[in-house]
Amino acid sequence: MRVARGTKARRRRNKVLKRASGFRGGNSRVYSVAAEKSDRALAYAYRDRKVKKREFRKLWTQRINAGARLCGTTYSRLMGAINKSEMEIDRKILADLAVNDMQAFKAIVDKLNA
């Protein structure tokens, strides 16, 4: 006896095609291709959530270093002083201050050097 599997299979295929909507060409219309492409996209999304954290930390380090050098010190000396003083300020906030509020950043550097 043949089993039609109508609604179950259709729902499964539609779920994959919906996930692939927005892909170009047959990647969003052909089920077998869309299944491969959407699985690959999910793998990239999982990986890049971690890469994003890495990239932002690198960006914050560069911005803090640029601000620190304008204040006459270096990134490593500044971070060493922050760790010794047990100041509760993270790189994200420091980088934002270095870019948007140089006076506040300079005040922090001066307080640490004093």
* Pairs only if they're at least six apart or on different chains, beta carbon under 9 angstrom, first in region 81-104 and without any contact (Cβ under 8 Å) to a residue 60 or more places away in the chain and over 12 Å from Trp60 (Cβ atoms), second among the aliphatic types (A, V, I, L, M) and surrounded by fewer than 14 Cβ atoms within 10 Å (Cβ to Cβ); list them, first residue then second. => Ala81/Met87; Ile82/Ile89; Met102/Leu70
* Kindly check whether there is at least one residue in region 72-95 that is over 25 Å from Lys53 (Cβ atoms), charged (D, E, K, R) and surrounded by fewer than 14 Cβ atoms within 10 Å (Cβ to Cβ). => yes
* To do: Starting from region 49-67, keep only residues that are basic (Lys, Arg), then list their pairs with residues that are part of a helix (DSSP H, G or I) and surrounded by 11 or more Cβ atoms within 10 Å (Cβ to Cβ) whose Cβ atoms are within a distance under 9 Å, requiring at least 6 positions of separation or different chains.
  => Arg57/Arg91; Arg57/Lys92; Arg63/Arg91; Arg63/Leu94; Arg63/Ala95; Arg63/Asp96; Arg63/Ala98; Arg63/Val99
* Asked: Mind checking whether some residue in region 26-45 is of a type outside the set (Gly, Ala, Ser) and loosely packed, with under 10 Cβ neighbours inside 10 Å?
  -> no
* If we scan region 67-76, do we find a residue that is assigned to a loop (DSSP other than H, G, I, E, B), hydroxyl-bearing (Ser, Thr, Tyr) and within 30 Å of Gln103 (Cβ to Cβ)? -> yes
* Asked: Is region 44-66 home to any residue that is under 30 Å from Arg10 (Cβ atoms), of a type in the set (Ser, Thr, Tyr) and assigned to a helix (DSSP H, G or I)?
  -> yes
* To do: Check region 26-39 and report whether any residue there is in a helix (DSSP H, G or I) and among the basic types (Lys, Arg).
  => yes
* Structure fact -> Of the residues in region 16-25, those that are part of a helix (DSSP H, G or I) and surrounded by 11 or more Cβ atoms within 10 Å (Cβ to Cβ) number 4
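Values quoted throughout were computed directly from the atomic coordinates according to the rules given, and no laboratory measurement underlies them. Predicted model only: the values in this text are computed from it and were never measured. All Cβ positions, glycine included, derive from the backbone under ideal geometry; neighbour counts span all protein chains shown.
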